[in-house]
1. With the structure loaded, tell me whether Gly54 is touching a Phe, Trp or Tyr at 6+ places or on another chain (Cβ under 8 Å), under 17 Å from Ile118 (Cβ atoms) and small (Gly, Ala, Ser) or whether it fails that test.
2. Looking only at the stretch 15-67, which residues are under 17 Å from Phe108 (Cα atoms), basic (Lys, Arg) and in contact with a Ser or Thr (Cβ under 8 Å, 6 or more places away or on another chain)?
3. Scan the stretch 8-29 for residues that are in contact with a helix residue (DSSP H, G or I) (Cβ under 9 Å, 6 or more places away or on another chain) and more than 12 Å from Lys117 (Cα to Cα) and jot them down.
4. For the stretch 51-64, state whether one or more residues are surrounded by 15 or more Cβ atoms within 10 Å (Cβ to Cβ), on the phi < 0 side of the Ramachandran plot and either among the aromatic types (Phe, Trp, Tyr) or modelled with pLDDT under 95 (or both).
5. Between residues in the stretch 96-120 that are under 18 Å from Glu52 (Cα atoms) and residues that are assigned to a strand (DSSP E or B) and of a type in the set (Gly, Ala, Ser), which pairs lie under 8 Å by C-beta distance while being six or more apart or on different chains?
6. In the stretch 28-43, how many are loosely packed, with under 15 Cβ neighbours inside 10 Å, within 15 Å of the chain's Cα centre (by Cα) and of a type in the set (D, E, K, R)?
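The values are calculated or read from the model by the stated rules, or taken from the named source; none is laboratory data. Just so you know, these numbers come straight off a predicted model, no measurement behind them. Methodologically, a virtual Cβ is constructed for each residue, glycine included, from the backbone with ideal geometry; neighbour enumeration extends over all protein chains shown.
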Amino acid sequence: MILRNCAGGVVFSKNHKVFLLKNEKGEWVFPKGVIRNNEPQSEVALRRVREEGGINATIISPAGRTNYEFFSVTRQQPVCNRITWFIMLAESEDYKIGEPEKFQDAGFFTIEEAMEKITYSQDRSLLHVSYLKFKELVQIAS
């Protein structure tokens, strides 16, 4: 099995909406990417949010970790992605899909809309926990 360390962002707007991408398989997901060349996790997460969504964001807190496994047809073996997540704040709700070959749609959604759209249950759990933390951090900052 191939083990890959990844990093990604749960990106919120000031209006308490969250950014999601719809990938080529029709799955609604958060932006993320593989860590290469010993890059810091936070830099990978910020870069992937910028590359995949065209969003400039700031990390405000760690969010946790998730794992998932899949069978890679191209590599002909199983892959385990271990993802470190960060809660981020976007400067605006402007976005631009940066990899149209990988993503069909995107947007900022209310938490309720996002919970309905998100494909995987562990991503819904991640959003729930991240949103509670986000609200707490934003309240402290204001």
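1. no
2. The one that is under 17 Å from Phe108 (Cα atoms), basic (Lys, Arg) and in contact with a Ser or Thr (Cβ under 8 Å, 6 or more places away or on another chain): Lys17.
3. If the condition is that a residue be in contact with a helix residue (DSSP H, G or I) (Cβ under 9 Å, 6 or more places away or on another chain) and more than 12 Å from Lys117 (Cα to Cα), then Gly8, Gly9, Val10, Val11, Phe12, Lys14, His16, Lys17 are the ones that fit.
4. No - not one qualifying residue is present in the stretch 51-64.
5. As it stands, the answer is Ile97/Ala106; Phe108/Ala90, since those pairs meet every condition given.
6. 1
Matching residues to (1) in contact with a Phe, Trp or Tyr (Cβ under 6 Å, 6 or more places away or on another chain); (2) modelled with pLDDT of 95 or more; (3) crowded, with 17+ Cβ neighbours inside 10 Å:
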| site | (1), (2), (3) |
| --- | --- |
| Arg75 | no, no, no |
| Arg82 | no, yes, no |
| Glu101 | no, no, no |
| Phe109 | no, yes, yes |
| Glu112 | no, yes, no |
| Met115 | no, yes, no |
| Arg124 | no, yes, no |
